[in-house]
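Reviewing the structure listed below.
The values are calculated or read from the model by the stated rules, or taken from the named source; none is laboratory data. All values derive from a computational prediction rather than experimental measurement. Every residue, glycine among them, receives a Cβ derived from its backbone with ideal geometry; neighbour counts consider all protein chains shown.
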Ligand code: PEP
Ligand code: MN
C-alpha cells in the first residue's frame, strides 16, 4: 500500500508525528519514506510492505497527515503510476528539476581521456548555455585489454573543471559499489563544485547487488540504462530494485537493443518506448542516440543518423538526451567513431529545439483534439 501525505507536510508537524506513530506500530509492516518533488509541490509518500492485506484503507486515510492511500498489486510498486494520474512525478537535484515534462541535454565525453579534452568540452558547454554533461571514468569494456577508464585518478580534475565551467550535473557510470565512495570522497575533497548522476550501464542492468548498493544511498540520483537483451518489463523491474532499497530518483535511459537486425546501426533504436515507459512509470525518460546509432554516418538529406535518432526521441517527449561529443574523436580512447564534433554542438542544439517545439505543438494539438471528443 502507498500512503500519500498532504503536500508540504513537515516532519515536525503534530499531524505527521501522529500518523508516523500509528504506521510504525502496525504489526508485520515495514515502512519506507520517499520524497517526490513535483513542479508545484513536494510530497512525501510512505510505502507499506509486508502484511498489508488486513489494513483498512479508510482507517489509514483518516490519519491526520494522510491525503489518500492506494493499494498496489502491480509491478513497479514504487516507480509505477498505478493508473493514478494525480501522483507527483520527479525530483530535484542541484537545483534542476527532472520529471516527465522537461528536457535536459547531457553532452560530453564517453570516456575521460585527457584533461585538456575535458576542459575544451566543458568550456564549449558553458559557451552554449549547458550545465550538464557526461564524463566516463569507469568504463565497462567488452575486451579485457581495452582502456577501462582513468577511474578515480581523473575525478579531481573532472570535478574541479566542472566547477570552473558551471556544470551542475555529470552523468558518470559506476560499475562497482566502491566507485560511489570514490566519487563521494573526491567530490568532498574538491569542495562539492558539481553533482553526479550515477549511471548504470546496459551491461549491469540486472546486476542486482550493484543496484541494491546504489539504491541504498540517496545522495546521488541514478541514470539507469535499459538492458540491451532483455524485455522492457525486465528492465523496469530492475530499476525498481533501486527504489525498493530507498532511491526512487531514477531516470530511465533508452540506448537501443542488441540484435543482428539493427545493422547498419550499432543497436536497434527503441525510442518509441518513451510513451509506454511514461505510461507505466513515473520515471523521466532519457535517450542515448550515440550508443544506439554508433556511427557518424550521414543520410542523403545531409543529416547525421545520430541527429535523426535524437530528433525522433525528442519529438516523442524524451526528458533527457545523453550524447557523445569529443573535441578530437580520432584521439578518443572509447567510442570515437560515434562522437559528434564540437563544431556540431550549436546545430545539434538548434535541431533539438526544433524537435522539442514540434513535440510541444503535437501535445497541444492532440490534447485539444481529445478534449473535444
Ligand atoms: C556509455 O554510456 O558510455 C555506455 C557504456 O553505454 P551503454 O551502457 O548503454 O552501452
Ligand atoms: Mn560509449
Going through region 284-310 in order, the residues found to be more than 16 Å from ligand 1 (Cβ to nearest atom) and touching a helix residue (DSSP H, G or I) at 6+ places or on another chain (Cβ under 9 Å) are 284, 296, 297, 298, 299, 301, 303, 304, 305, 307, 308
If you go through region 99-120 one residue at a time, do you hit one that is assigned to a loop (DSSP other than H, G, I, E, B), over 23 Å from the mean Cα position of the chain (by Cα) and at pLDDT 90 or above? yes
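One line per residue, one yes/no per condition, for (1) more than 25 Å from the chain's Cα centre (by Cα); (2) crowded, with 20+ Cβ neighbours inside 10 Å; (3) within 16 Å of ligand 2 (Cβ to nearest atom):
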site: 290; (1), (2), (3): no, yes, yes
site: 294; (1), (2), (3): no, yes, yes
site: 312; (1), (2), (3): no, no, no
site: 318; (1), (2), (3): no, yes, no
site: 336; (1), (2), (3): no, no, yes
site: 365; (1), (2), (3): yes, no, no
Quick check on residue 324: is it in a loop (DSSP other than H, G, I, E, B) and farther than 30 Å from residue 87 by Cα? no
Checking residue 316 against (1) more than 16 Å from ligand 1 (Cβ to nearest atom); (2) touching a helix residue (DSSP H, G or I) at 6+ places or on another chain (Cβ under 7 Å); (3) assigned to a helix (DSSP H, G or I), the condition it does not meet: (3)
From the list 268, 320, exactly one residue is in contact with a strand residue (DSSP E or B) (Cβ under 7 Å, 6 or more places away or on another chain) and in contact (Cβ under 8 Å) with a residue 40 or more places away in the chain. Which is it? 320
Exactly one of 325, 307 is touching a residue at least 12 places away in the same chain (Cβ under 8 Å), away from ligand 2 (no atom under 16 Å from the Cβ), in the same structural domain as residue 132 (by TED's automatic domain parsing) and touching a strand residue (DSSP E or B) at 6+ places or on another chain (Cβ under 9 Å), and that residue is 307
